[in-house]
């Protein structure tokens, strides 16, 4: 894509998505909603998450390295 | 005056809700405006503003007063908006309450504008944010890069990739912009 194409695409995008007004304001006072959020009970962490997958992967790698110590340099190489 | 602002930031860092409310009231408009530019829907922008300040409140201990509040808040707002874009289904219609372009180019038909807007929504969220803030909203490159946590050069690259993908998408529909 050359510079002319880029310029043309920028123009087209500006026509398709007009910019928002200079200083938009929320339609309501958001502080009461903020207070409700602050007072809300903190959500309990999900039982299954990517973080738990990360830990499981790490545990698997450690176990693998413990059973096959010769693989440690290979694992380190790919880290 | 500057001392007062500095005190508020320090008190916020220590977890004061009063200082948090002061910061909320001072910065909510700017945060709302920044998010609205990304998500382009006033109701969603309001919800995400509350979500952003909730994240700000949770992270108060990590705040560095020396680096300033505005840039930090903008960065958290951008991430909140990015999370929203990642989890939201592709919308088929754009909200009607966003103002129309003041000077619509007669050479660009309404159909082309609509197809471009829809193709834009199909772009990966990271590219969409970079393009909308830099090209449509014409925000300073430094601010956009800072908000995305990348360099100015990386931001320019994202904009270029967004435009290239957009052109490819339109070309696949038989449209040569």
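Coordinate-derived values only; no laboratory data. Being a predicted model, the structure only gives us computed values, none of them experimental. When we count neighbours, we look across all protein chains shown, and the Cβ atoms used for this are built from the backbone with ideal geometry, even at glycine.
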message: Compute for the range B:104-177: radius of gyration divided by Kirkwood radius, i.e. Rg/Rh, restricted to C-alpha atoms, rounded to two decimals.
response: 1.02
- line: Row for the protein assembly as shown, column shape: gyration tensor on C-alpha, a ≥ b ≥ c, rounded if a/c < 1.5 i.e. under 1.5, prolate if a/b over b/c, else oblate; value oblate
query: For the range B:1-88, taking Cα atoms only, what is the radius of gyration to one decimal and the Dmax to the nearest whole Å?
result: 13.0, 42
query: When the Cα centres of the range B:39-72 and the range B:130-163 are compared, how far apart do they sit, in Å?
result: 19 Å
- prompt: Sorted by mean Cβ packing within 10 Å, highest first, what order do the peptides B:29-39, A:54-64, A:9-19 take?
  reply: B:29-39, A:9-19, A:54-64
query: When the helix-only estimate is applied to chain B (DSSP H runs of n ≥ 4, each -39,500 (n - 2.57), divided by the residue count), what is the mean residue ellipticity at 222 nm, nearest 500 deg cm²/dmol?
result: -21500 deg cm²/dmol
message: Mean-square fluctuation check for chain B, GNM, Cα pairs under 10 Å: which of B:17, B:159, B:144 is largest?
response: B:17
- request: Would you mind giving the average projected area, over all directions, of the Cα convex hull of chain B in nm² with one decimal?
  value: 11.5 nm²
task: Calculate how steeply helix A:3-16 sits against the longest principal axis of the alpha-carbon atoms of chain A, using the helix alpha-carbon long axis, and give the answer as 0 to 90 degrees to the nearest 10.
output: 70 degrees
- line: Per the rule of 0.36 nm per residue minus the C-alpha distance, extending residue B:26 to residue B:7 adds in nm 5.4 nm
- prompt: By counting other Cβ atoms within 10 Å of each Cβ, how are B:176, B:49, B:44 ranked from fewest to most?
  reply: B:176, B:44, B:49
field: Rounded tilt (10° steps) of B:110-121 against the dominant C-alpha axis of chain B
entry: 50 degrees
task: Take peptide A:28-39, look around each residue's Cβ out to 10 angstrom, count Cβ atoms belonging to other protein chains, and average those counts.
output: 5
query: Using 7 Å Cα-to-Cβ label points, what is the residue B:17/residue B:150 separation (nm, one decimal)?
result: 3.9 nm
query: Between B:28, B:64, B:139, which gets the highest mean-square fluctuation from a Gaussian network model of chain B, Cα cutoff 10 Å?
result: B:64
- line: With Cα coordinates, the longest principal axis of chain B makes an angle with the long axis of helix B:17-39, in degrees rounded to 10, of 10 degrees
task: Taking the Cβ of each residue in B:129, A:72 as the centre, tally the other Cβ atoms inside 10 Å and list the residues starting with the fewest.
output: A:72, B:129
